[in-house]
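For reference, the structure is listed below as structure tokens.
The values are calculated or read from the model by the stated rules, or taken from the named source; none is laboratory data. Keep in mind that what you see is a predicted model, and the values were worked out from it rather than measured. Please note: Cβ atoms are built from the backbone with ideal geometry, for glycine as well, and neighbour counts cover all protein chains shown. Accessible surface areas use protein heavy atoms only, side chains included; no ligands, DNA or RNA. Shrake-Rupley method; radii C 1.70, N 1.55, O 1.52, S 1.80 Å.
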Amino acid sequence: MKAPANGAGFVTTARLVAAKDLRLEWRTLDSLAGMLLFALIVLVVYSFAFDGAMNRELGARFLIPGILWTVVTFSGLISFSRAFQNETADDTLTALRLAPVDRGAIYTGKLLAVLVKLAALETVTVPLTALFFSFDLAPHAGPLVLVLVLHTVGLAVLGTLTGAIAARVGRGEALTAILLLPAAAPLLISAVETTGAVLGGEPLASIRAWLLGSLGFAMLFFCVAVLTFDYVLEE
Amino acid sequence: MSSTPNWLERSLYPLLVLTTAGMVGALWLIFLHAPEEKVMGAVQKLFYFHVPAAIMTYAAVAVLLIGSIAYLWTRDVRWDNLSIAATECGLFFCGMVLITGPIWGRPAWGVWWTWEARLTTTLVLWILLAAAILVRSYADNRELGARLASVLGILAAIDIYIIRKAVEWFRGMHPTVFKPGAERDVDPAIGQAFGATSLVFILLFLLLLAVTYREAQLRDRAERLTQALGR
Amino acid sequence: MSQGSPAPAATAVIRARGLEKQYGLLRALEPLDLAVGDGESLAIFGPNGAGKTTLMRMLSLALRPSGGTLELSGQDARRQARRLRGAIGVISHRLHLYARLTALENLLFFGRMYGVRDPEPRAESLLAELGLAHRAEDPMGSFSRGMQQRLALARCLIHDPRLVFLDEPFTGLDPVAADLLRGILERLREERRTLVITTHNLPLGLELSDRWMILGGGRKLDEGTSDVAPDAFEAHYRSMVGGRP
Amino acid sequence: MKNYWFLFWGYAVFWIGLAGFLWMLIRRQNQTRRRLDRMERELDQRRDGSS
């Protein structure tokens, strides 16, 4: 008789879970469709609340960061809460539990899939925001991408963990929001600050401390999530 | 069996008497001993309750952190009972800080609320503690609720430290009554009153912690009895 | 009827002492001792709510026990859980498969998760063996219940597990699929894999096992070897659990 | 002098809050105790009945 199979390693597991999730997403567009439509609706509502003249008067750096990040955060909630709800239909969550793999790697895989979805969301919504609120994106594109990526990663790190907690007690977006938004407060502050600075044309050096802080935040909570995820997933 | 008082129950009444006596003494020190502060006037006396309540909130979070880690490590429900007690006490003290804060802030700053470092931190902490209670009540069994709430407890404790730093950086305008350099200017009676009130608040925290812990224990026993009776 | 004959200590693959589970309000399983030898097959009988599924989940390392010790292949299950999971296969009434993935994709995903070296040929041969080769590229959700259960069996066997846990594997199967499953279980026994199976079908359970155990109300009521007449055993079972199904 | 009202309300709110919290705790605890007593009596009765 052969020796028991040793499970996949950390990186392989994360890659497998992420690829599986993205393949499922591609087939059903379960969360992406909801995310994009929701983002669109929020943008339309904002256009009622703040008219173009007001935005032109104030300049892009005052209104746009807030609009951008509320859109990303609230559409992101959909992907965070779906990340583990999609394992409940045929109790595939138990199948993941039974696999001889590191549970932190399962979290990492889910995180990667969520990040791809958020990236897709942002490539649509950010230009759309620029279009709707008529400001010029091109001169700030580079620094803006850096700011977006950094804070999206941090948001997803916490969001995937809180989404898993909400899914474990059978709740969806509402509980995820209650858990995530206060915990992510420093990140959201930094996101709005740095986005404003970038849109205002300030050099990256002036927001270096914020960016490093957000990076540290994301890394710290990634470690916390990987370490505690076993307890979240446990039956 | 349940009528046998344990050490916790026995310590409850002495603690209650001690806290009440201490509270009377502290109030005497605050209102009759300490002078009215020159700049802020009478409202400054709120400081004697507001600040110790804030300190006790952080103490409750520290206890919650210890309880959460210890529960995940040992899976002993006693640690989870401690976490429950710390969450409930933390919620109480945090709520008191949140209410007395604006009442002090209105005459001092001219506004009820500002998105200032400590105010924001305190509000966020209150939401996180309430969310932990919510998650417990949503979970369909005690074990799952305890585990998820413990993870949240760890998350909240780490997070609160970071939020504090981040918002401070962002905008800080909180009054500091004791400035490190200017300590000699403050009337010693103010210091005495503050010190005494802080001690009384520690007693109050311990008292509330004992009561809430005892209740968590009783609920545990009730659950076990329910099961012994065959539901 | 009690001829309790625990397996010899040296060859026990599963050894539980005082294993129990408590869910806050209710105790799902009273402390229980259990030993299953290498290559042996154990059938667990009992009415619904007897604690069968709880026991199965703890033995297959899906659920953490509240107390007691569990050793699999002589190793402490709590400390070596991750490694031991690689030797365990599980079938339950839940499919543990992704409805939107094809049969082959499901098998490859789990095969790779279990670290199977070369999963494609293994998955294809399993699909052929279970009569699913022609549907390999179709999503699992489009299968009939019997085919889904067969695919679940393939998923359970993809990593060649030494220990196989089957929780009500015959539920919802048509006679043809049930016969197929029975044949596969017979073969697993011939291959000297260790099986633990729960079922409401007493004759079938006896046929597929070396020893049996009756659970009721969360505790072990009786145990013995399976070389008994099915009719006599059925009468004994009814007297044990009080006529309940 | 308006400040005295803020002072008064600040302390009033604290005492009301503390009283409310204690009242809630005591009420909850009494409920649990009553439940416990009822169940213990039932358990005793069962023991007497079976012995």
B:L98 being open to solvent by 10 Å² or more (accessible area, probe 1.4 Å), within 18 Å of B:F47 (Cα to Cα) and of a type in the set (A, V, I, L, M)
yes
If A:P139 meets every condition in (1) out of contact with any Gly (no Cβ under 9 Å at 6 or more places or on another chain); (2) loosely packed, with under 15 Cβ neighbours inside 10 Å; (3) more than 21 Å from B:A146 (Cβ to Cβ) apart from one, which number is that one?
(1)
Within region C:134-181, count every residue that is in a helix (DSSP H, G or I) and at pLDDT 90 or above.
13
Do we have A:K2 as closer than 30 Å to C:R57 by Cβ and modelled with pLDDT of 90 or more here?
no
Residues to consider are A:G163, A:G154, A:G200; find the one that is surrounded by 24 or more Cβ atoms within 10 Å (Cβ to Cβ) and away from chain B (no Cβ under 12 Å).
A:G163
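Every residue, every condition in (1) within 9 Å of chain B (Cβ to nearest Cβ); (2) open to solvent by less than 40 Å² (accessible area, probe 1.4 Å), yes or no:
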position: D:W9; (1), (2): yes, no
position: D:V13; (1), (2): yes, yes
position: D:A19; (1), (2): no, no
position: D:L22; (1), (2): yes, no
position: D:R33; (1), (2): yes, no
position: D:D37; (1), (2): yes, no
position: D:E42; (1), (2): yes, no
position: D:R46; (1), (2): yes, no
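Matching residues to (1) more than 20 Å from the chain's Cα centre (by Cα); (2) of a type in the set (D, E, K, R); (3) surrounded by fewer than 22 Cβ atoms within 10 Å (Cβ to Cβ); (4) assigned to a helix (DSSP H, G or I):
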| residue | (1), (2), (3), (4) |
| --- | --- |
| B:W73 | yes, no, yes, yes |
| B:F92 | no, no, no, yes |
| B:L134 | no, no, yes, yes |
| B:Y161 | no, no, yes, yes |
For region A:80-96 the number of residues that are assigned to a helix (DSSP H, G or I), touching a residue at least 24 places away in the same chain (Cβ under 8 Å) and either more than 13 Å from A:G7 (Cβ to Cβ) or open to solvent by 10 Å² or more (accessible area, probe 1.4 Å) (or both) is 8
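Matching residues to (1) within 27 Å of B:I69 (Cα to Cα); (2) free of Cβ contacts under 8 Å to residues at least 24 places away in the same chain:
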site: A:A141; (1), (2): no, yes
site: A:L146; (1), (2): no, no
site: A:T152; (1), (2): no, no
site: A:R168; (1), (2): yes, no
site: A:S190; (1), (2): no, no
site: A:S206; (1), (2): no, yes
site: A:M219; (1), (2): yes, yes
site: A:F222; (1), (2): yes, no
Sort out which residues of region A:212-223 are open to solvent by 20 Å² or more (accessible area, probe 1.4 Å) and not small (G, A, S), and write them in order of number.
A:L212, A:L215, A:M219, A:L220, A:F222, A:C223
Considering only region A:28-42, I want to know if a residue exists there that is on the phi > 0 side of the Ramachandran plot, in contact (Cβ under 8 Å) with a residue 12 or more places away in the chain and either open to solvent by less than 50 Å² (accessible area, probe 1.4 Å) or assigned to a loop (DSSP other than H, G, I, E, B) (or both).
no
Could you check, for region C:122-137, whether at least one of its residues is more than 14 Å from chain A (Cβ to nearest Cβ), within 14 Å of the chain's Cα centre (by Cα) and open to solvent by less than 20 Å² (accessible area, probe 1.4 Å)?
no
Given (1) open to solvent by 40 Å² or more (accessible area, probe 1.4 Å); (2) under 26 Å from A:L233 (Cβ atoms), number of the condition A:G104 does not satisfy:
(1)
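Pick from B:A53, B:A60, B:A86: which is open to solvent by less than 20 Å² (accessible area, probe 1.4 Å), modelled with pLDDT under 95 and of a type outside the set (K, R)?
Only one candidate qualifies: B:A53.
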Go through region B:193-224 and report how many residues are open to solvent by 10 Å² or more (accessible area, probe 1.4 Å), free of Cβ contacts under 8 Å to residues at least 24 places away in the same chain and within 11 Å of chain D (Cβ to nearest Cβ).
2
Please go through region A:65-89 and pick out each residue that is of a type in the set (G, A, S) and closer than 16 Å to A:T160 by Cβ.
A:S75, A:G76, A:S79, A:S81, A:A83
Mind telling me which of the residues B:L125, B:L155 ends up being within 15 Å of A:P182 (Cα to Cα), at pLDDT 85 or above, at the interface with another protein chain (Cβ under 7 Å from one of its Cβ atoms) and surrounded by 16 or more Cβ atoms within 10 Å (Cβ to Cβ)?
B:L155
Reported set for region B:137-152 where residues are surrounded by fewer than 24 Cβ atoms within 10 Å (Cβ to Cβ) and away from chain C (no Cβ under 11 Å) is B:S137, B:Y138
Condition (residue is open to solvent by less than 60 Å² (accessible area, probe 1.4 Å), in a helix (DSSP H, G or I) and touching a Lys or Arg at 6+ places or on another chain (Cβ under 7 Å)) applied to region A:59-74: is it met by at least one residue?
no
So, in region C:78-98, of the ones that are among the aliphatic types (A, V, I, L, M) and closer than 19 Å to C:E40 by Cα, which residue ends up nearest to the other protein chains (Cβ to nearest Cβ)?
C:A87
